[in-house]
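Undergrad: If you scroll down you'll find the structure; I have some questions about it.
Bear in mind these aren't lab numbers, they're just calculated from the coordinates by the rules spelled out. The structure presented is a predicted model; accordingly, all values stated were derived computationally and were not measured. Positions of Cβ are backbone-derived with ideal geometry, glycine not excepted, and every protein chain shown enters the neighbour counts.
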Amino acid sequence: MRIDQLIPAYHFGDAIGDTATHMRKFFLSQGFQSDIYCLTRDHGLEKESNLFSAFPEPSSKDVTIFHFALPSPLTEAFTKLPSKKVMIYHNITPDKFFEGFDSEMARISRIGRKELKEVAPYVDLALADSEFNRQELLGIGFRNTEVFPLFIDFEKYKKPMSQFIYNLFKDERTNILFVGRIVPNKRIDELIKVIFYYKKYISPLIRLIIIGKTSSLPKYYQSLVRLADEFYLKPEEICFTGHIPDEEMFAIYKASDVFLSLSEHEGFGLPFIESMVFDLPIVAYDCTAVPYTLGEAGILIKNKRVDYIGELIHIVAHDQKLREKIIRRQQQRLKEFKKKDLERLLIRVLRNIM
């Protein structure tokens, strides 16, 4: 019996790619034949995957798992397979966030949601990496759904950090961190406004650090650079690191005082888990998957008044008793994630359709 996975784009360090890799290793350890098939892949992943052109015709007893996060020719091909069909939904950012920045991304988002509706009747089991995503699938018309969180390799966070980067950022400034793609739904423009308020009315010793690819949507990134200039924020007050190695990212997590997210659309939110790992207090806007991921951890905010958020992050950064209380709750939430036996859950839900 085969359990194969289809993924449009297979990347290093990508949450979807990491999940597919982990699942394949698990299936092989359980005695199944299992491979990953993709349309494109990073150089160096040739041994871990095959191109979809080499995908063998499965039998009705096999299981094919399709990771869905963007439209691709794999969607239609998946619906025609004779095998049991499982889809893992990793969320699609609504097109409204891309309007005015990238019409092509907005178009891709619309096509992705159209394909998602079209694939629903053919799927035997739909897995979602958050309850927010599962609710979306139910609304679209998927019948058999389960929450299946991302596989998280907690061992990688035990690797040494970069002492040089830690020393570079661990100075007299209050470090506010955000990690994620530089795209409009993350509302990094609002983070910049909060930092401007903080600098003007609370303390000039402030720094916003943003870790994430600046090439994801160039027009939006350029608008952020212009906004920072309009607010007279200096390079030492706002830092776009781009994509950086893990050891440097770990150092910045440890050197930061608050993780602040004003994102308006999250499918899961892996950086929230990473903040819990590094005991970094979280302040986040309450929307989409954020409350499901945080649970009782962190501080959820309902409004985006810059004065309110600025004063709040100052208190969280400097009130030691409050920090300790927040961190204790985050540590408890982290334990809940670590206790999840995702492999046993995966086998259980697959058995139900075999």
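Undergrad: Given the DSSP H assignment, sum -39500 (n - 2.57) over each helix run of at least 4 residues in the chain and divide by its residue total; what's the result at 222 nm in deg cm²/dmol, nearest 500?
TA: Estimated from H runs of four or more residues: -13000 deg cm²/dmol.
Undergrad: So for the chain, what percent of the C-alpha to C-alpha distances run longer than 30 Å? Could the numbers behind the result be given before it?
TA: On the way: 24729 of 62481 pairs.
Counting pairs separated by more than 30 Å, the tail of P(r) holds 40 percent.
Undergrad: Computed FRET efficiency, Cβ-Cβ of R143 and L45, R0 41 Å: what is it to the nearest 0.05? Write down the numbers at each step before the final one.
TA: Working: r = 34 Å, r/R0 = 0.82.
Computed FRET efficiency for R143 and L45 comes out at 0.75.
Undergrad: OK, next. Once fully extended, how much extra length lies between E236 and D171, figured as 0.36 nm per residue of separation less the alpha-carbon to alpha-carbon distance? Mind showing how you got there, number by number?
TA: Working: separation 65, 0.36 × 65 = 23.40 nm, distance 1.12 nm.
Here the answer is 22.3 nm.
Undergrad: Given the options E237, E172, E118, state which has the largest fluctuation in a GNM of the chain using a 10 Å cut-off (strictly under) for Cα springs.
TA: Residue with maximal mean-square fluctuation among E237, E172, E118: E172.
Undergrad: By how many degrees, 0 to 90 and rounded to 10, does the Cα axis of helix 246-255 deviate from the longest principal axis of the chain?
TA: So the inclination is approximately 40 degrees.
Undergrad: Next up: Please pull out the direction-averaged projected area of the stretch 145-197, using the convex hull of its alpha-carbon atoms, in nm² to one decimal place.
TA: 6.7 nm²
Undergrad: Can you give the angle from 0 to 90° between the axis of helix 188-201 and the longest principal axis of the chain, with both taken from C-alpha atoms, to the nearest 10?
TA: Between helix and principal axis, roughly 20 degrees.
Undergrad: Hey, another quick one. Rounded to the nearest 0.05, what FRET efficiency do Y157 and H11 give with R0 = 22 Å and r taken as the Cβ-Cβ distance? Could you check?
TA: E between Y157 and H11, to the nearest 0.05, is 0.65.
Undergrad: May I pose another question? Using all Cα-Cα distances in the stretch 1-136, what percent lands in each 5 angstrom bin from 0 up to the longest?
TA: 2, 10, 19, 23, 21, 14, 7, 3, 1, 0
Undergrad: Shifting gears a bit: To the nearest Å, what is the center-to-center distance of the stretch 38-65 and the stretch 249-283, using C-alpha atoms only?
TA: 33 Å
Undergrad: What pairs in K170/K254; K254/K338; K170/K338; K25/K213; K193/K321 have C-alpha atoms more than 18 Å from each other?
TA: The answer is K254/K338; K170/K338; K25/K213; K193/K321.
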